[in-house]
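Trainee: Just passing along the structure, written as structure tokens.
The values are calculated or read from the model by the stated rules, or taken from the named source; none is laboratory data. Predicted model only: the values in this text are computed from it and were never measured. So basically every Cβ, Gly included, is an ideal-geometry build from the backbone, and we count neighbours across all protein chains shown. Surface accessibility is based on the protein's heavy atoms, side chains included, excluding ligands, DNA and RNA. Shrake-Rupley method; radii C 1.70, N 1.55, O 1.52, S 1.80 Å.
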Amino acid sequence: MTHVINNHRTILCIDDDADDLQLLSEAVQRIDPHCQIIKAYNGIHGLALLEEMHHQQQLPRLIVMDINMPKLDGKQTYIRLQASEHFATIPVVVFSTSSSPMDKMFFQSKGAAFITKPIRFEQLLEVASELLNYCN
């Protein structure tokens, strides 16, 4: 089954921290003003948005998500994404403050990139540029 994906860059960001979502969105928009950022506030919300996007044949080019979230954390969300025939091929970047080697190993062993959230906005711009590379 073929999935239609937006010709322009669309990133689904899943994070329960509204400030982190806003900062990441600002950094990405500064690098690429045409990139569309869709925000979800937990794994359940993110999966529901993906279902909606799938029905509209407008899947994102990338999913960026945090690990520690209420309702459905990043690990549980990732497992559900990988189990879905519709979403398993979308690249996932875990973007978290976690410095746990176990968290990093969990995601890296499953093929997901892991980036630790930077403290300074200048570093966040570098991360945004790296994230946009996944959307090409």
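Trainee: State which residue pairs qualify: first residue at positive phi and inside region 106-120, second residue surrounded by 14 or more Cβ atoms within 10 Å (Cβ to Cβ) and not in a loop (DSSP other than H, G, I, E, B) in any location, beta carbons under 9 Å apart, and separation of 6 or more residues or different chains.
Mentor: As it stands, the answer is Gly111/Gln82; Gly111/Val92, since those pairs meet every condition given.
Trainee: Based on this model, can you work out whether Phe121 counts as of a type in the set (Phe, Trp, Tyr), open to solvent by 10 Å² or more (accessible area, probe 1.4 Å) and either modelled with pLDDT of 90 or more or within 14 Å of Leu62 (Cα to Cα) (or both)?
Mentor: Answer is yes for this residue.
Trainee: Only residues that are touching a strand residue (DSSP E or B) at 6+ places or on another chain (Cβ under 8 Å) and exposed (fewer than 15 other Cβ atoms within 10 Å of the Cβ): list them for region 124-136, please.
Mentor: Once the filter is applied, which keeps residues that are touching a strand residue (DSSP E or B) at 6+ places or on another chain (Cβ under 8 Å) and exposed (fewer than 15 other Cβ atoms within 10 Å of the Cβ), region 124-136 yields only Glu130.
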